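Q: The structure is given below, and queries will be raised subsequently.
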Amino acid sequence: MEKINGTNLGNWLVLEKWMSDLIFEGTDAEDEVWLARLLPPKELAARMKKHRDTYVTEKDFQDIASHGLNLVRIPVPYFIFGDRPPFTGCIEYLDKAFEWAGKYGLKVLIDLHTVPGSQNGYDNGGITGVCKWCTDKKEVEFALSVLERLAERYAPHPALFGIEVLNEPISFSVYMTAPSTGKARDKKEAEGSGYVPMRFLKPFYKKAYCILRRHLDKSKVIVFHDGFRLGRWGNFFQREHMENVMLDTHIYIFAMENFIPFKSMWIYRLYTAFNGWLLNRAARCTPVVVGEWCIANRKAQDLFGAPGKEKECRKIFRQVYDMQFKFWNKSAGQIYWNYQLLRDRSVPLDEVWKNGWDLSRCWKNHWIGK
């Protein structure tokens, strides 16, 4: 396959409230686990069906392909097979995604985005403020079983690019500085939470690789998130005789601005160049894909919607896109986060900082492309 030029289909099968909160209406749930706990089963099932039926459709796959992209990364939950009540399964939607991807010439990277007990304590890990999956051997084995069933089901499909073992298992430094740490709704449930250590992650990755390779031939890629530790992997995968593997790293200018609040293009360039250097160094041993990134930044945010500033705002978005794409495309390629936020793209976004996260709106507003 040529260099990856893709987009994520986040918030479809794994919910993130900040991206589109309509499904959370009438509850004070901040994540998918608590939404399922607070809603009656029939109401939950009805809401999930409506969301999944409409949030991503065949037309979206057609649009993605028409813009020259070649891959979709699809986050899936650990309950995808419908065997973890009260959650409703969604394997039939992944089946549809493969059908549509095949029809429009796209490849699919399946990404196990959540695990029971969470691997990062983010809402994108299923439950905010809880992070203790790696301490529960039973749940670790369950996650491996989900990966194996996904591999068994889709290995023969020509649209399968590969499977990503686990999204964003959190490091010590990120866990200690994450805004979600300590924010669990049920403090007792969060007891025992912590980061995912390398002494756990490396054996887990090796075991996952062996299980997946039983079903996936060498043409299918097995992807491993760097765990926010891109420089810590070295030649680990070669030493363990893993073939056709790839590291996934996630790089966000907006996240950098939480710590270095300088709305300056030279800071953006420095940050991008430094991460590009890290990426190139890691890629000497293992191909690296930037599996999540976007053009959201506070410099453009401050100008967005201001009278007479549209041209300058568009220029900033284009510069931020170009400077990142140049570096992120040097190894295996890049996958934009996210394809969309709000389903109805004619509705103005209330929070202007969300502009730049939504690829479909970037195309529409000509911030990316011609």
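Q: State all residues of the stretch 243-269 that are open to solvent by 20 Å² or more (accessible area, probe 1.4 Å), at pLDDT 95 or above and assigned to a loop (DSSP other than H, G, I, E, B); if no residue qualifies, say none.
A: The answer is Glu243, Asn244, Tyr252.
Q: So if I check each of Asp111, Asp95, which one is within 20 Å of the chain's Cα centre (by Cα), closer than 19 Å to Glu164 by Cα, open to solvent by less than 10 Å² (accessible area, probe 1.4 Å) and of a type in the set (D, E, K, R)?
A: Asp111
Q: Among the numbered criteria (1) in contact (Cβ under 8 Å) with a residue 60 or more places away in the chain; (2) touching a helix residue (DSSP H, G or I) at 6+ places or on another chain (Cβ under 7 Å), which single criterion is violated by Glu292?
A: (2)
Q: Of all residues in the stretch 102-123, how many are in contact with a Leu (Cβ under 9 Å, 6 or more places away or on another chain) and part of a helix (DSSP H, G or I)?
A: Within the stretch 102-123, residues that are in contact with a Leu (Cβ under 9 Å, 6 or more places away or on another chain) and part of a helix (DSSP H, G or I) number 1.
Q: If you scan the stretch 32-69, which residues turn out to be assigned to a loop (DSSP other than H, G, I, E, B), in contact (Cβ under 8 Å) with a residue 24 or more places away in the chain and surrounded by fewer than 19 Cβ atoms within 10 Å (Cβ to Cβ)?
A: Those that are assigned to a loop (DSSP other than H, G, I, E, B), in contact (Cβ under 8 Å) with a residue 24 or more places away in the chain and surrounded by fewer than 19 Cβ atoms within 10 Å (Cβ to Cβ): His67, Gly68.
Q: So which residues in the stretch 1-31 are part of a strand (DSSP E or B) and among the aromatic types (Phe, Trp, Tyr), if there are any at all?
A: As a first pass, look at the stretch 1-31 and keep what is part of a strand (DSSP E or B): 4-8.
Correct list: empty.
Q: List pairs: first residue in the stretch 305-322 and open to solvent by less than 80 Å² (accessible area, probe 1.4 Å), second residue part of a helix (DSSP H, G or I) and small (Gly, Ala, Ser) anywhere in the structure, Cβ distance under 7 angstrom, at least six positions apart or on different chains.
A: So the pair list comes out as Cys313/Ala300; Ile316/Ala300; Phe317/Ala300.
Q: Okay, next question. For residues that are more than 22 Å from the chain's Cα centre (by Cα) and either crowded, with 23+ Cβ neighbours inside 10 Å or modelled with pLDDT under 95 (or both), tally how many sit in the stretch 271-297.
A: Residues meeting the conditions: 0.
The values are calculated or read from the model by the stated rules, or taken from the named source; none is laboratory data. Quick caveat, the model's predicted, so the values are computed rather than measured. Heads up, the Cβs are rebuilt from the backbone with ideal geometry, glycines too, and the neighbour counts pull from every protein chain shown. To get the accessible areas, we keep the full protein, side chains included, count just its heavy atoms, and leave off ligands, DNA and RNA. Shrake-Rupley method; radii C 1.70, N 1.55, O 1.52, S 1.80 Å.
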